[in-house]
Structure formats: C-alpha cells, structure tokens
Amino acid sequence: MSPQQPPLDGYEFGFETYLDSNTLRQMQPDHHGRDIYDSQSLSDSIAMSYKEFGRTYHSYRAGSYHYPNDPTEAERLDEQYEILKEMMDGRLHFAPFSREHPPSKVLDLATGTGIWAIEFGDEYPEAEVIGTDLSPIQPAFVPPNVRFFIEDSAEDWDYPRDFDFIHTRITLGCWSDMQRQIMQRSFEHLRPGGWLECQEVMVEPHCDDGTMLSDFPLLRWSHELMQASEMAGRQIRMEHNIKKWMEAVGFVNVREVIIKIPIGGWSKDRRLRQIGLLWQWNLMSGMSAFTLGLFSRVLGRTIENIQVSLVETRQSLFDPEVHTYQKFYIVTGQRPK
C-alpha cells in the first residue's frame, strides 16, 4: 500500500457500499451468472489482483496467502462447498443453533466467495452475518442481513465483543498461528455462551486397506505441500490440533467430528462413490492452484519442474486401484456462560 492511499483495514465492500458509490459503473455477469458491479469505489490496492503463473492473486496483504483468487479458483471453491455440504447432510453448521434458537450476530472468517455466509443469512434472516476475506470476490447482491469486509483476520480485530457464532471453513494456509490469531480472538469476541466452529480438511490422504504405498505420488505431493507451507510460516496441517487448541484457550463442550471424504469412485456406497468422484475432480482442478505459489516462491522450483511433477500426481489421483480418502474435521466449542 502506498503512503498516499488511505488505510483499508475494515473497508466494507458489501451491498450498501456499492449502491452509495459515486463511481458506479455498468453491471456485468460474473462467472456464476450473478450480476455484480464493475466499480472503482474500492481502492486499487484491494480491488485489483496481480498476475503470476497465469493466475491472479490478491493485492491486499499481497503474498500472505499463496493461492489464487481468480474465477477458476472461485468456481472450484463453490464446488468444494457443495461437496462438503453434502457430506454434512445439507447442514451448514454443527453448532447448536436452529430456527427456533437462532444466533443474533455471526462472523465468517476467510469467507472466500461468501457462499456459506449468504446461505447462512438466508437460513437465519434475523441474524446479522459478517464475512471477511483478503479478496473482494463475493457477489454484490446478497441477503439484506449479510455484509462483507476486506480484512486480514490474522491481524487485530476491530469488532464489538458480541458475536454468538464465529465460523471458519478450509482456511489452510491462512494463518501462521491459528490458536492465537483465530481461537483466542474468537474466545474474546464471543458473548458468554457463544460458539466457535472450525471445519478443516487434512491435506494428507489416508488409506485403510493398504492399497496406498509410502511412495504414492499424491501422498508425496501432500508432504511437500506441508513442508513448503511450514517454511512459508503458514499452517496447513492444523485440523488434528483444533480440539486441543480450543480447550487450551478456554472453550468448553468441545466436540470433534471426523468425516472421511473418499477420493475417487472406489466406495461401494453409491452416495459416497458419487461424492468421491466429485471430490477427485475438485482436487484435480485445484492442483495447480495449491502448488504453484508455494513450490516456486518457497521451494525455489521452476514452473516447468512443478508442472512435470504434477502430471504424476494427477495420474495417481485417478488410480482406481488405490483407495484413498481425506479427513474432514468439524470442531465446535462454546465460550463458558
């Protein structure tokens, strides 16, 4: 950010901001077919992205998140959301809220495309829902109770301490210290009795029947990705520690649910076989996005070397003889009343 530009922490880019802008421009459809505003009301430092490896990345706090924010990745994120929602039997959360007992104020950290916040706002129209992210890739037209802000949630939070529910989902690589940056701050910003829910996927594939060997390319790739992320100071393997971290911060009634997501169509269960095929393609479509930034910037590999290595990784992803899955952790905890 240049010295001439105003501070942008907490800059709101939601529905009201676009309507109030004096520089509102012609609407055009985004990659989902939704109408969005092509507006210059946002400072260039956050509205613009920079290009690298043929992809676009966020400009605000550039380099703090190593994955792209372009329409290709946004579409993949929305597809990932639908798969995980199916694995949760259509539920948006496991925290004990219902239409009879809804939350009043909700914070969705690293909201991405904003799809979870939007659907949560639809399900609980009486709740105020706030989504934050480094990239302004959310739609302008949202439920009236949903707002989005450009923020780095790894920094100090400038919010009243009155949330009923704070939510994260698939924030791999977003934080350097999730316990301190997210869980401790969540504890401090929840009302007594409020809930934190963290939903995270383990990058490393698993296998229960011995068909995955130790030199399996997908497994090797996951280990290299974890190594690069650790070297970059970004946590990517944290899901198995979330329950422990919540309890250490002071949360009570902490509950951990682990769901196995098959990779590919090897499951005998028809529903899981379909989910596995969708998850397999989602991983394949995101493989370059997961890899290019970290492997080139941190491990110092050339783009050509990375792309060649990914050929073998993708092939292993579709090996029908290897029965792999990833673990999806859903952890909820309550601030004491």
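The values are calculated or read from the model by the stated rules, or taken from the named source; none is laboratory data. Just so we're clear, the structure is a prediction, and the values are computed from it rather than from any experiment. Cβ coordinates were reconstructed from backbone atoms using ideal geometry, including for glycine residues, and neighbour counts include every protein chain displayed. Accessible surface is based on the protein model in full, side chains and every heavy atom, while ligands, DNA and RNA are left aside. Shrake-Rupley method; radii C 1.70, N 1.55, O 1.52, S 1.80 Å.
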1/(1 + (r/R0)^6) with r = Cβ-Cβ of VAL308 and ASP78, R0 = 25 Å, i.e. FRET efficiency to nearest 0.05, evaluates to 0.25
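With a/c under 1.5 counting as rounded, go ahead and sort segment 237-293 into rounded, prolate or oblate using the C-alpha gyration tensor (a ≥ b ≥ c being the square roots of the eigenvalues; past the cut-off, prolate if a/b is larger than b/c, else oblate). Display every interim value, and only then the final one.
On the way: a/c = 4.71, a/b = 1.57, b/c = 3.00.
Since a/c reaches 1.5 but b/c is at least a/b, the shape of segment 237-293 is classed as oblate.
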Which distance in Å, rounded to a whole number, links the C-alpha centroids of segment 245-314 and segment 135-162?
-> 26
Taking the dipole about the Cα centre of segment 130-208, with the C-beta of Lys and Arg at +1 and of Asp and Glu at -1, give me whichever of LEU196, MET178, ILE130 is farthest to the positive side.
-> ILE130
Going highest first, how would you order 145-153, 121-129 by mean Cβ packing within 10 Å?
-> 145-153, 121-129
Given the Cα-Cα distance of GLN227 and SER98 and 0.36 nm per residue of separation, how much length would full extension add, in nm?
-> 42.4 nm
If the cut-off is 26 Å between C-alpha atoms, which lysines fall inside it for LYS260, apart from same-chain ones fewer than 8 positions away?
-> LYS85, LYS243, LYS244, LYS268, LYS327
Would you list ILE118, ILE236 from the most to the least accessible area, probe 1.4 Å?
-> ILE118, ILE236
Counting only protein heavy atoms with a 1.4 Å probe and every protein chain in place, the carbon and sulfur fraction of the accessible surface of segment 228-321 in whole percent equals 52
What is the spin-label model distance, in nm, from PHE318 to HIS206 if the labels are put 7 Å beyond Cα along the C-beta direction?
-> 2.7
Please calculate how many Å² of accessible area segment 158-287 carries per residue, with a 1.4 Å probe and no DNA, RNA or ligand atoms counted.
-> 43
